[in-house]
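Below is one structure, written out as structure tokens, with a few remarks after it.
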Amino acid sequence: MNRKLSAIGTSLLATSLLFTGCGIATDTPDAPDVIDYWLWDSAQQPGYQQCADAFERESGIKVKITQYGWNDYWSKLTAGFIADRAPDVFTNHLGKYPQFAELGVLVPLDELDPTKGLQDDDFAYGLAELWKGPDGHRYGAPKDWDTVGYFYDAKVTDAAGITAEQLSTMEWNLEDGGTFEQVIAHLTVDANGVRGDEPGFDKTRVRVFGLTSEGGGGENLGQTQWGPYTGSLGDWQPLDKNPWGTHFNLDDPRFQQTIDWYFGLAEKGYMPKHGQFNKDTGAFQQVASGQAVLGLSGSWMISSFQTLKDIDLKVAPTPIGPSGQRSSPFNGLADSVTRFADDKDAAAAWVAFMATDQCQLIIGDAGVVFPAREAGIQASLSTRQAAGLNVDAFTIHLAEGTTQTMAVTTNAADIAALTGPAFEAIYIGQRPASDLTKLNEQVNRLLELSTRP
């Protein structure tokens, strides 16, 4: 086995096991004439099964789709890379692929005949450029994109006297939290029925929180936690350049002030404190159970929220920040071929098919995500319109150019192993946000080591 793969892969596995407690994958590889394809989103599996069926009819190549939950997915995938038992093709993530590419477990798509013809402008919003490594090779064919917004039940906000106009024009600042903090304070209700902005509010006995929580956010740099707020500071970016930056900016004083303000919402009682709910109880469960009102989550959760009964589902955009604009973390998934594929050209043919209008229209019609190609995007928007759900809260960031791309850099897993616990410690109250300066030095040393000759 490649010595670098073994050494760094062991670090990856240790990191994965640290967060998930999962073991080595034991799946038996498929026969060479079957493409083994992995994904983590159960909601997308039916759509991709339709694509796989269409691909088999056209090519004669069968695709076996395996779905794991998010945590199991990455631990099994990493273990598979180490044990030479990885799938032929898998759904890849911007936060993960740089280290996989560095380890040499991904096959450059521009070196395989079925995918070498992929062009950047085949895909919307600059998605394709993100999947090019520093060596210029393409390591993923874009499949979809996502932004974030607040899912909520309009019956609850109406009863509280909060209008859709108020929710769509919220602003936040570092002085007093702005109208955003006013709204979530008013939506918060304690055990005695007193709202968060009323005299006598008991922050120690909250029945309904104004805002959901999904943990510290250090592993994904706040995608569904503090990312919309730090992204709207104005000139702050997580890296000096993206992709392939060489210096993180977690030591920026305004960034640290924003982190203080954000986790301070929990101290005020407007957001759940760390550990108040089970670690797997995210925005969806908190909104569904009535434990919180504004559920910050990604566009990939639209179809899940639409399954909730007896609610008037709406989505509000992220608030306008000190920059005068709103912001959203922007992520795009892609399909990658592994070096363990028995037939790399067949695997690439499947990747190329998933990147066609034919497959992306199927995915768009399913209405689970926003596909990467324009035709698929329009199909997805039509599906949401037919369902009566306005999704402008997600698309507004693309129209206004207010997205902030997820950090793409080397040593991603090792960096997440540092940032994850660090932000959890701040959330718990064990560490001040100023400790992020020391964290920034640590992650920058990792980046420096990875770029040395």
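Quick note: the coordinates plus some simple rules give every number you see, no bench work behind them. Not measured: the values here are computed from a predicted model. For neighbour counting, all protein chains shown are included, and Cβ atoms are generated from backbone atoms with ideal geometry for every residue, glycine included.
Label positions at Gln325 and Gln306, each projected 7 Å from the Cα along the C-beta direction, are separated by 3.0 nm.
The string of couplings for the stretch 271-284 from the Karplus curve (6.51, -1.76, 1.60, θ = phi - 60°) is 9, x, 6, 4, x, 5, 10, 3, 4, 8, 8, x, 4, 4 Hz, one whole number per residue in order, with x for Gly and Pro.
Based only on Cα atoms, what mean projected area does the convex hull of the chain have, in nm²?
Result: 20.7 nm².
In terms of other Cβ atoms within 10 Å, Glu56, Glu165 run from fewest to most in the order Glu165, Glu56.
DSSP loop GluC sites (Glu not before Pro) in the stretch 167-250 with at most 12 other Cβ atoms within 10 Å of their Cβ, which ones? Loop-located and lightly packed - Glu175. Each residue in Lys132, Lys76, Lys203 was given a count of other beta-carbon atoms within 10 angstrom of its own, and listing them fewest first yields Lys203, Lys132, Lys76. Relative to the longest principal axis of the Cα atoms of the chain, the long axis of helix 357-366 lies at roughly 30 degrees.
Length gained on full extension, Asp197 to His247: 13.9 nm, using 0.36 nm per residue less the C-alpha separation.
Summarising the amide proton neighbourhood of Asp144: residues at separation of 5 or more, or on other chains, whose placed amide H is nearer than 5 Å comprise Leu333, Ala372. Measuring r between the beta carbons of Asp113 and Glu441 and using R0 = 35 Å, the FRET efficiency lands at 0.15. Subtracting the Cα-Cα distance of Ala375 and Asp345 from their residue separation scaled by 0.36 nm leaves 8.2 nm.
Looking at the chain alone, DSSP beta bridges between its own residues are antiparallel in about 65 percent of cases. Computed from Cα positions, the angle between helix 253-267 and the longest principal axis of the chain comes to roughly 70 degrees. Computing FRET efficiency as 1/(1 + (r/R0)^6) for Gln430 and Gln49, where r is the C-beta to C-beta distance and R0 is 41 Å, gives about 0.35. When the Cα positions of Pro243, Tyr73, Tyr152 are compared along the charge dipole of the chain, Tyr73 comes out farthest toward the positive end, with charges on each C-beta of Lys, Arg, Asp and Glu. Phi-derived couplings, Karplus 6.51 cos²θ - 1.76 cosθ + 1.60 at θ = phi - 60°, listed residue by residue for the stretch 311-328: 10, 9, 6, 9, 9, 9, x, 5, x, 6, x, x, 6, x, 10, 8, 8, 8 Hz, with x used for Gly and Pro.
Subtract the Cα-Cα distance of Arg254 and Leu174 from 0.36 nm times their separation in residues, and report this length gain in nm to one decimal.
Fully extending the segment from Arg254 to Leu174 adds 27.9 nm.
Helix 45-59 and the long axis of the chain differ in direction by around 20°, with both axes built from C-alpha atoms.
Residue order for Thr307, Thr115, fewest other beta carbons within 10 angstrom first, comes to Thr307, Thr115. Backbone amide hydrogens, once placed in the peptide plane, bring Gln404 within less than 5 Å of Ser328, Phe330, excluding anything fewer than 5 places away on its chain.
Using C-alpha pairs under 8 Å with a sequence gap of at least 6, the mean separation divided by the residue count of the stretch 68-140 gives a relative contact order of 26 percent. With θ taken as phi - 60° and the Karplus curve 6.51 cos²θ - 1.76 cosθ + 1.60 applied, the whole-hertz 3J(HN,Hα) list for the stretch 112-126 is 10, 3, x, 10, 5, x, 4, 10, 4, 7, 5, 10, 7, 6, x Hz, x standing for glycine and proline.
Scanning residues 5 or more positions from Thr246 or on other chains, those with amide H under 5 Å from its amide H are Asp240, Lys241, with H placed 1.01 Å from N in the peptide plane.
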